[in-house]
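Comments concern the structure below.
Derivation of every value follows stated rules applied to the coordinates shown; laboratory data play no part. The structure displayed is predicted, hence computed values, not measured ones. Glycine also receives a Cβ, built like all others from the backbone with ideal geometry; neighbour counts cover every protein chain displayed.
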Ligand code: GLN
């Protein structure tokens, strides 16, 4: 059929690109096969197309951030979350040690400072670390429409070298943006990043946002409509960190990238798209993923600012 053929062409058109570098801050990420590539697309009515190395499992990493932000918003309301985490693009790298001047909040939930804060907001006050981690995994699984699992090898490697995330968490603790033991928050955030997914899972997660919070296949309302709008807005301005302006102007789709090579895009009311390819550019975003999105957006007229 023409759609998978076209999607396959998108993947193949980038297959010769060997530029960029694997994430090498932990051994298991540096050891992945570098030449893989996959693309999945889910419509908001739950038709899923997947091509390339579509069965490949990889860790979700920072693509978890918009979904955990969504959970915090759904549980506490948008205003309460705004008191703790802003919505302004930082123009900085994902692991910058920075807080908004004046308010002392992390600038947005897509950089690590904001993601550590929204992670800790999940669950009722006084929830145990294990229960909070279980709620996060359960929520990510509802977005995907199947039970996801944590990659324990990646988790162990990340947590034993998460010095910068500890620095950020202690900074947040000193400003009382988070409470309790900062190390527990880092452990939970790193577990959230170590959840294993395929491009199909990610396309369905992205499509759930594009569908206003209803998972296209299970039909479950995972988050309220207003929360989906909030998350898509913040993905648009902050999802690609210090490359958000370039991404929005050239590709024009709310998106989020992760350091293991995944990218999601959610086109409101239409589709969720996900790509994976592990070689990264200087912003920590997949080189081939950006190219695949660029081609798709161009060919299918997906740019949000396209004037009809
Ligand atoms: N686990 C990584 C970190 O927090 C995720 C970063 C990312 O995907 N950009 O450092």
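Rounded, prolate or oblate for the stretch 1-146? Axes are the square roots of the Cα gyration tensor eigenvalues, ordered a ≥ b ≥ c, and the cut-off for rounded is a/c under 1.5. Before the final figure, lay out each step's value.
Values: a/c = 2.05, a/b = 1.61, b/c = 1.28.
Cα axes put the stretch 1-146 in the prolate bin.
If packing is taken as the average count of other Cβ atoms within 10 Å, what order do 120-126, 254-260 fall into, highest mean first?
Details: 120-126: 15.9, 254-260: 27.1.
Packing proxy ranking, top to bottom: 254-260, 120-126.
Run lengths n ≥ 4 of DSSP H only: what is the helix-derived mean residue ellipticity at 222 nm for the chain, with -39500 (n - 2.57) per run over all residues, to the nearest 500? Walk me through the intermediate numbers first.
Values: 13 runs with 141 residues, N = 308.
Helices in the chain give a 222 nm mean residue ellipticity of -14000 deg cm²/dmol.
Compute the Cα gyration tensor for the stretch 239-283, then decide on rounded, prolate or oblate, letting a ≥ b ≥ c be the square roots of its eigenvalues: rounded whenever a/c is under 1.5, prolate when a/b is larger than b/c in the other cases, and oblate in all that remain.
Numbers: a/c = 2.48, a/b = 1.26, b/c = 1.97.
In terms of gyration-tensor shape, oblate.
Efficiency by 1/(1 + (r/R0)^6): what FRET value for residue 15 and residue 170, r their Cβ-Cβ distance, R0 = 30 Å, to the nearest 0.05?
Working: r = 43 Å, r/R0 = 1.44.
The calculated FRET efficiency here is 0.10.
What is the helix-to-structure angle for 199-210, meaning the angle in degrees between its Cα long axis and the longest Cα principal axis of the chain, kept from 0 to 90 and rounded to the nearest 10?
70
For a quick check: sort 294, 84 by the number of other beta carbons within 10 angstrom, fewest at the front.
Numbers: 294 15, 84 22.
Ascending number of Cβ neighbours within 10 Å: 294, 84.
Would you mind calculating the relative contact order of the chain from Cα pairs under 8 angstrom and at least 6 residues apart, reporting the percent as a whole number?
Working: 644 pairs, mean separation 79.8, N = 308.
Computed value for the chain: 26 percent relative contact order.
Sort 204-217, 278-291 by the packing proxy (mean of other Cβ within 10 Å over each peptide's residues), most packed first.
204-217, 278-291
Between the helical axis of 112-121 and the dominant principal axis of the chain, each derived from Cα atoms, what acute angle in degrees is found, rounded to the nearest 10?
70
Could you tell me the center-to-center distance, by alpha carbons, between the stretch 19-35 and the stretch 156-181 in angstrom?
24
Post the alpha-carbon centroid distance, the stretch 70-132 to the stretch 210-254, in whole angstrom.
17
For residue 124 and residue 98 in the same chain, what is the full-extension length gain: residue separation times 0.36 nm, less their Cα-Cα distance, in nm? Display every interim value, and only then the final one.
Numbers: separation 26, 0.36 × 26 = 9.36 nm, distance 2.71 nm.
Using 0.36 nm per residue and subtracting the Cα-Cα distance, I get 6.7 nm.
To test your reading of the geometry: what angle, between 0 and 90 degrees and rounded to tens, separates the Cα axis of helix 2-13 from the longest principal axis of the chain?
70
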